[in-house]
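Here is the structure we will look at, set down as structure tokens.
The values are calculated or read from the model by the stated rules, or taken from the named source; none is laboratory data. From a predicted model like this one, the values you see are computed outputs, not experimental measurements. Methodologically, a virtual Cβ is constructed for each residue, glycine included, from the backbone with ideal geometry; neighbour enumeration extends over all protein chains shown.
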């Protein structure tokens, strides 16, 4: 009797605890609409013209690319039925044949066809329209639409490289011809004229081309929801500048019918609001008051603070995916002081990267050794980072002939008959507190081994300008990591090549990589190139940052690597 | 009265015009290339191929109206080209100018630089699979030469090139003619320096289609240009911010005046009393206290939840929707604005009170006050009806100088308390190098303070008819 | 001789009246304390020790370091590297009171540690009594060095404001609208050659790439001299050819007042920000120069008013009647009489300068190349957890300095018998 009573009480207690535990958190936010914080307003919502991520993120919900990347860095079908049929053509050209999904239609029920794809390309290449996509599609030489099946079309590209498919399918979204160009202004302009830079220049005076460019660049095409339509799951509902952008799920969207077989077309929330909250403090307040469902770009301090705050952490999941950007210190190897690789290595030794990550970014960073996404199979994991070691740095400097002959605390060496002190200017972006702190720490460590580092804060564009014209010694740089590493721009001797390192072997590798289609061979070449670059330390790679993301717990959602760190369309109610 | 008003306006018009010209001048003195700054992201993201960069630069600068000469005329050395402003990219412009300053022969310098670019293009166009040590080294040399501004060093590099090119037959075939052209243009350059031209001034008429003309008419029509940040009209951005600044000042100014009048008059009346002495000491302390520090301390004290006094919010206003209720609007804005307004009130108040006190003391000693008292007028009436109106004149004058000061004060307070007003916008724009916004705010601030001055004059004339009719008073 | 005495007794009188008030005395004493702190700060807060004994020999790295920084001496071999003194093997060491320089970074105490928080230090000797800032710099050392910077920057600003203001206001006030009468021929000569002078001054330094500042300066001086000679020659020539050309009356006063009107119309902090935007290198010193130029407007207005007042006085008329030159009248008579009020303004401007510097630092304008009170306060920006020690100490320092200067100006003006 007693025992059973005790058992009964225990059971009741257990049930009660279980009940209270599961219901302990009553969310203020419910329902299937998502509010996402964006830290800045969109510039425009036209998917072709927008220049910022803030315009791209909302407009991408309304549009679809032909193909997209999956988690293992592979291009997979998105708006098309399957991987394209690839045909090699003479003269180093290649053709891809796609077929758009049968179900894919615009909002008015008209099918998405190859004509729309062609129209999109013509718009991008219109010489009077200023977009940022232009350079990517210049390699597309021709688009042939199957006369019997307008959904089937072939894209001819030259030269054939490993980037060709990415350029043709993932660099832009398809826009509807019949809505955006009702007069058919671009219809009669032959594509071959537009894709030829010389002829395109001449087309700049064609009245039809000009008329369309003016129409397309006009305000309504950038902010009126009527013209911001695509074949994606969402429709842009309203945009209140400075406040919010609202997108709504389309009723009976075509993708919902085939989502089982095409999981990439998943789109759960009924409505997504991008609320513009610039200030970090305002963002933490919004999280505390449970006013938003997701945010990125929390400062590390706020992130840790909020995570410790019970009221917040029981409502939000805190995630920190790595981002697709990295920081490095670029060195100018053309400068006689930095020409010796041992000096650059000494510089790498005096950078306490772990301290930078742990103290300045509170641990939200990962060391990297080459400019490739960490999780990409192309990343050479055999390269070991250079450790913080002041003595090693001193030895390297001494080996390279840098000694403090005049006893002023700074090492020097005779270069071209002149005694030169190893004093290096170090440019960093003005206005960023962490950049300034990093500069001070770098300078401090430099002092200890006799390198005089002179930090100088420059406004962003000026920094880039000096970098591009090789007018620097050391420079703190941040760059974004593309899905496929294309080293041409940065490392080919006859291109931009800001650091000035490059030789016949690297050039050969850089030229071979884009035309090597055997994945294994290419990977080996990638790895070799990374080794060579790392060995030179022309750019001292530091770390890639982690994004600080919070997502409301009522959703099942994963963090992703590309900005903003989450995909709002994939937020699934638990 | 109306005539007087127009006269005052006419007097201020030249001031405004000079301020406009000054603003334009300053906006062109700012370091950096506006085209590069406004499109920095795009340039970084582009493929960086030579042709692409040039095309992008030209179209962007045309859109921003910067492909035009700066002013109606230019006064520069005869060696300088008339189309200096058309050379894309600041760094290249600088390299070219440095070369020119060593030589003085612009066509030759230009030809040399162009053939260098041509050589680079040709090297880039060589078949992909052709690689050799010579080619890579040549690439390096060209890259160095492109940004080298020393003609003496250039000769060394050209010699290096001459040694490199024959090492590789493909390279020789592809680049030798251009190299020869480069060499020829270099030799021509060195053989025909025109240094005298550098010392000869030239006056060049550049026509009415220039940046100054355009911008100045834009200013006059209220068009302040477009923000570099997001391409939106500056006037719209400033307009939104201005409403915030006005909001806090509309509360702060009258309160500061009222407080100053009451305290100041009382201090003057009870001159020498304990109240007078104590208030004076407190006012002096307040007067010495920098307002930013007060703001920071109040913020620390009243926004810290650990001390249980998180009464002040620095975030609420951004979350208010247009459809939130009146009561929430009031409570939220009260919580966010009360302390900033206090921080604006007290510095103005201390200055005004001290002024009020001293003028009132003078007024109270005047004959007519004594006469009034002698007539047996009540003390209150003496103070407020007789002495005060005469003592209040300086307060009106200080309104003119107070208005710009309040704008300055809001600059700090807005930044500390995170209010999206003009000061906040200005500092943000300084940080992001958004010059049109910075200079737009400068113009608006000037305009507002001139309006303030005109208002002060009018008030003066309205209160004191003598001013209206006194001709000699017209000049300030 | 007699006049000298007269002036002396006037100032003695002022000094006595100034000293009679306790507020004035206090302000003066507090100013002396600030100056003293500024002078001794490098010997109180320094990472280099007073004394170190290595291998049986004694050194004084602090004093020696000053010589090395001046380029007069070299470091002895045994002291290398001249960093991390505490970690050297030594037989004896004596640190300064605060063993940190304003810029030295304590890697173990990064990210702002408060005075009462846990600090990772080896002994109490290395404790950060006022905490550290985000980069691990000692706040106490920064505060001491900040005193030095505050006075230095204040002097720069006030110096420039006074020099420019005196010049502009002085000539406008002295000459007034009718006082400057110049032959037409001279004006024409000046205007004719002026564009050329500007042309050569603006463009020719660029021609001599890499020339030292010295040669550039002498070049500019050369152009100026040539200009003056040319003006003189043309003036003479015109005078000889057209002797009856007549004179222009230059309305200097009106011109200056119009200029001041424009400067006054632009809110001063906005003008300062806009001017800073045009600087290539917005270092703290340059920024204070800009502030000085902007505030010279008010000095000019003030000096003009004073000079106008002085001009009316009888001794000036007497001087003019005696045939004294303009310069003599200006410097020997007008200036000393305007000096008193000017001192008041100067003291007041010092306070404004210090506040302005801090304001700019807090707003994050310019590049923070030096540790100042404002830059310590500025570290608070963008923080959601506010570190009170970064706000309190520099804030108090600024408050007391400003109070000192304002009391000083108040006391001075009362002693001078103003109001």
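Might you check whether a residue that is farther than 30 Å from residue B:399 by Cα, in a helix (DSSP H, G or I), at the interface with chain B (Cβ under 9 Å from one of its Cβ atoms) and at pLDDT below 85 occurs anywhere in the range C:207-223?
Yes, the range C:207-223 has at least one match.
With the structure loaded, tell me whether residue A:303 is in contact (Cβ under 8 Å) with a residue 24 or more places away in the chain, in contact with a strand residue (DSSP E or B) (Cβ under 6 Å, 6 or more places away or on another chain), buried (at least 16 other Cβ atoms within 10 Å of the Cβ) and outside any loop (DSSP other than H, G, I, E, B) or whether it fails that test. Walk me through it before giving the result.
Working: in contact (Cβ under 8 Å) with a residue 24 or more places away in the chain: yes; in contact with a strand residue (DSSP E or B) (Cβ under 6 Å, 6 or more places away or on another chain): no; buried (at least 16 other Cβ atoms within 10 Å of the Cβ): yes; outside any loop (DSSP other than H, G, I, E, B): yes.
For residue A:303, the condition - in contact (Cβ under 8 Å) with a residue 24 or more places away in the chain, in contact with a strand residue (DSSP E or B) (Cβ under 6 Å, 6 or more places away or on another chain), buried (at least 16 other Cβ atoms within 10 Å of the Cβ) and outside any loop (DSSP other than H, G, I, E, B) - is not met.
Looking at the structure I just gave you, is residue A:242 under 23 Å from residue A:110 (Cβ atoms) and under 32 Å from the mean Cα position of the chain (by Cα)?
Numbers: under 23 Å from residue A:110 (Cβ atoms): no; under 32 Å from the mean Cα position of the chain (by Cα): yes.
So residue A:242 does not fit the description; no.
So which of C:252, C:260 is in contact with a strand residue (DSSP E or B) (Cβ under 6 Å, 6 or more places away or on another chain) and modelled with pLDDT of 85 or more?
The unique qualifying residue is C:252.
So which residues in the range A:270-279 are crowded, with 20+ Cβ neighbours inside 10 Å and more than 8 Å from chain B (Cβ to nearest Cβ), if there are any at all?
Hits for the range A:270-279 are A:272, A:273, A:274, A:275.
Where the second residue is exposed (fewer than 13 other Cβ atoms within 10 Å of the Cβ) and the first is under 17 Å from residue A:362 (Cα atoms) and lies in the range C:108-133, which pairs have Cβ atoms under 8 Å and are six or more apart or on separate chains?
Listed pairs, sorted by first residue: C:108/C:120; C:109/C:120.
Working carefully through the options A:66, A:79, A:118, A:125, find the one that is crowded, with 18+ Cβ neighbours inside 10 Å, more than 30 Å from residue A:201 (Cβ to Cβ) and touching a residue at least 12 places away in the same chain (Cβ under 8 Å).
A:79
Of the residues A:107, A:142, A:116, which single one is under 30 Å from residue A:259 (Cβ atoms) and not in a helix (DSSP H, G or I)?
Answer to the selection: A:107.
Of the conditions (1) surrounded by fewer than 21 Cβ atoms within 10 Å (Cβ to Cβ); (2) part of a helix (DSSP H, G or I); (3) within 14 Å of chain C (Cβ to nearest Cβ), residue A:297 clears all except one; give me its number.
So residue A:297 meets the others, but not (2).
Pull up the range B:1-55, narrow it to residues that are over 28 Å from the mean Cα position of the chain (by Cα) and either closer than 30 Å to residue C:261 by Cβ or modelled with pLDDT of 85 or more (or both), then point me to the one that is nearest to the other protein chains (Cβ to nearest Cβ).
Applying the filter and picking the extreme gives B:7.
Can you work out which of the residues in the range A:188-205 that are without any contact (Cβ under 8 Å) to a residue 40 or more places away in the chain and not in a helix (DSSP H, G or I) is surrounded by the fewest Cβ atoms within 10 Å (Cβ to Cβ)?
Among them, the one singled out is A:188.
When the residues of the range B:404-418 are narrowed to those that are in contact (Cβ under 8 Å) with a residue 60 or more places away in the chain and farther than 17 Å from residue B:437 by Cβ, which ends up surrounded by the fewest Cβ atoms within 10 Å (Cβ to Cβ)? Please lay out each step first, then the result.
Narrowing the range B:404-418 to residues in contact (Cβ under 8 Å) with a residue 60 or more places away in the chain: B:406-407, B:409-410, B:412-414, B:416-418.
Subsequent filtering for residues that are farther than 17 Å from residue B:437 by Cβ retains B:406, B:409, B:412-413, B:416-418.
Values: B:406: 26, B:409: 26, B:412: 24, B:413: 29, B:416: 25, B:417: 26, B:418: 21.
Per the stated criteria, the residue is B:418.
Can you list the strands (runs of 3 or more DSSP E) lying wholly within the range A:19-86 that have 1 or more residues being in contact with a strand residue (DSSP E or B) (Cβ under 8 Å, 6 or more places away or on another chain) and in the same structural domain as residue A:124 (by TED's automatic domain parsing)?
Filter on the range A:19-86 gives A:67-69, A:75-77.
For the range C:304-320, indicate whether the set of residues that are within 13 Å of chain B (Cβ to nearest Cβ), surrounded by fewer than 20 Cβ atoms within 10 Å (Cβ to Cβ) and part of a helix (DSSP H, G or I) is non-empty.
yes
If I ask for residues that are in a loop (DSSP other than H, G, I, E, B) and either at pLDDT 95 or above or within 20 Å of residue A:117 (Cα to Cα) (or both), which ones from the range A:227-249 would you list?
A:228, A:229, A:230, A:231, A:232, A:233
Being at pLDDT 90 or above, crowded, with 16+ Cβ neighbours inside 10 Å and out of contact with any strand residue (DSSP E or B) (no Cβ under 9 Å at 6 or more places or on another chain) narrows it down to one residue among A:441, A:396; which is it?
On the way: A:441 fails: out of contact with any strand residue (DSSP E or B) (no Cβ under 9 Å at 6 or more places or on another chain).
Testing whether each residue is at pLDDT 90 or above, crowded, with 16+ Cβ neighbours inside 10 Å and out of contact with any strand residue (DSSP E or B) (no Cβ under 9 Å at 6 or more places or on another chain) leaves just A:396.
Output the residue which, of all residues in the range A:356-375 that are assigned to a helix (DSSP H, G or I) and touching a helix residue (DSSP H, G or I) at 6+ places or on another chain (Cβ under 7 Å), is modelled with the highest pLDDT.
A:356
Can you spot a residue in the range C:281-291 that is more than 16 Å from the chain's Cα centre (by Cα), part of a loop (DSSP other than H, G, I, E, B) and in contact (Cβ under 8 Å) with a residue 60 or more places away in the chain?
yes
Considering the range A:206-226 alone, what residues qualify as being part of a helix (DSSP H, G or I), out of contact with any strand residue (DSSP E or B) (no Cβ under 8 Å at 6 or more places or on another chain) and free of Cβ contacts under 8 Å to residues at least 60 places away in the same chain? So that I can check it myself, show each step before the final result.
Looking only at the range A:206-226, we keep the residues that are part of a helix (DSSP H, G or I), and these are A:207-217, A:220-223, A:225-226.
When the remaining residues are screened for being out of contact with any strand residue (DSSP E or B) (no Cβ under 8 Å at 6 or more places or on another chain), the result is A:207-217, A:220-222, A:226.
Result: A:207, A:208, A:211, A:215, A:220, A:226.
Spot the failing condition for residue B:275; the list is (1) assigned to a loop (DSSP other than H, G, I, E, B); (2) in contact with a helix residue (DSSP H, G or I) (Cβ under 9 Å, 6 or more places away or on another chain); (3) without any contact (Cβ under 8 Å) to a residue 12 or more places away in the chain, and only one is missed.
(1)
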